[in-house]
Amino acid sequence: MTSPSADVSVRIAWADDAPAVAAVQLRAWPQMYGDLVPADAFPSGPEAEAAVAEAWRATLGRPGDARQRVLVALERNLVVGYALTAPAADPDTDPVADAELSDLTVDPGARGRGHGSRLLQAAVDTVRADRFTRAVLWAVSTDDVLRSFLVAAGWAPDGAHRELDLTGDATTVVRQVRLHTALG
């Protein structure tokens with residue numbers, strides 16, 4: 001006798017997924033970055049939800065590069081996470097050989113059910129299919145959970161660091177480290 005399994009998958013996002021992706025982002029980012037960014041920096045309310053959804057619709061409908069992808073994790077037919085891949089843009093990377101995983105987000109209510117692992121694997125498979133040979137990801141330097149997750153999946157720091165001044169006046173600075181993995 002077999003036990004029932006969850007109906008889960010990952011696929012390329014469609015423009016119609018924009019509101020669902022926006023909703024995941026608006027729920028997840030305050031939890032992910034709330035200790036780094038002032039609470040009022042996170043958009044909220046129906047107008048903000050509509051604006052973020054419209055931004056996602058534009059991203060999904062008109063990617064800047066054919067190798068720029070948004071993947072969504074699904075549980076049944078609900079979007080519960082997303083990942084963004086594209087050619088790496090850092091000055092010390094090769095946009096032909098190096099891909100960047102610029103976002104890996106799972107809805108707070110859906111964490112711990114394998115969606116992050118499925119998204120990460122699908123992102124790696126996608127950039128490998130696009131013939132990239134290495135993938136990079138910038139992580140907040142204090143995000144031990146994400147870094148541990150990536151290290152367990154075979155990623156490692158590559159020595160690059162950066163500071164993002166989110167406000168332009170140095171009141172909100174986010175320190176990041178870059179991790180990478182070979183796509184053999």
Subject >> Selected residue (criterion: modelled with the lowest pLDDT) from residues of region 1-16 that are out of contact with any Gly (no Cβ under 6 Å at 6 or more places or on another chain) and not in a loop (DSSP other than H, G, I, E, B) >> reply: V8
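Just give me the residues in region 75-105 being among the β-branched types (V, I, T) and over 26 Å from G184 (Cβ atoms), in sequence order.
V79, V80, T105
Condition check ((1) within 17 Å of the chain's Cα centre (by Cα); (2) modelled with pLDDT of 95 or more; (3) buried (at least 20 other Cβ atoms within 10 Å of the Cβ); (4) closer than 18 Å to S148 by Cα) across all residues:
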site: T85; (1), (2), (3), (4): yes, yes, yes, no
site: A88; (1), (2), (3), (4): yes, yes, yes, no
site: P95; (1), (2), (3), (4): no, no, no, no
site: L101; (1), (2), (3), (4): yes, yes, yes, yes
site: V106; (1), (2), (3), (4): yes, yes, yes, yes
site: G112; (1), (2), (3), (4): yes, no, no, yes
site: V127; (1), (2), (3), (4): yes, yes, yes, no
site: T133; (1), (2), (3), (4): no, yes, no, no
Original post:
What are the residues in region 136-160 that are in a strand (DSSP E or B) and either in contact with a Ser or Thr (Cβ under 6 Å, 6 or more places away or on another chain) or loosely packed, with under 12 Cβ neighbours inside 10 Å (or both), if any?
Top reply: G159
Original post:
Within region 52-110, can you find the residues that are of a type in the set (S, T, Y) and out of contact with any helix residue (DSSP H, G or I) (no Cβ under 7 Å at 6 or more places or on another chain)?
Top reply: T59, T93, S102
Subject >> Residue that is nearest to the chain's Cα centre (by Cα) [pool: residues in region 161-181 that are assigned to a loop (DSSP other than H, G, I, E, B) and surrounded by fewer than 14 Cβ atoms within 10 Å (Cβ to Cβ)] >> reply: T167
Original post:
Is it the case that region 55-65 has a residue that's among the small types (G, A, S), crowded, with 17+ Cβ neighbours inside 10 Å and over 23 Å from R162 (Cβ atoms)?
Top reply: no
Subject >> Residue in region 154-183 that is nearest to A129 (Cα to Cα), counting only those that are in contact (Cβ under 8 Å) with a residue 40 or more places away in the chain and out of contact with any helix residue (DSSP H, G or I) (no Cβ under 6 Å at 6 or more places or on another chain) >> reply: A182
Subject >> Residue that is surrounded by the most Cβ atoms within 10 Å (Cβ to Cβ) [pool: residues in region 1-54 that are among the charged types (D, E, K, R) and in contact with a strand residue (DSSP E or B) (Cβ under 9 Å, 6 or more places away or on another chain)] >> reply: D17
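Being under 21 Å from V72 (Cβ atoms) and of a type in the set (A, V, I, L, M, F, W, C) narrows it down to one residue among A160, A156, A122, A182; which is it?
Sole residue among the options that is under 21 Å from V72 (Cβ atoms) and of a type in the set (A, V, I, L, M, F, W, C): A122.
The values are calculated or read from the model by the stated rules, or taken from the named source; none is laboratory data. Fair warning: this is a prediction, and the values are worked out from it, not measured in the lab. Quick reminder, even Gly has a Cβ in these numbers, built from the backbone with ideal geometry, and neighbours come from all protein chains shown.
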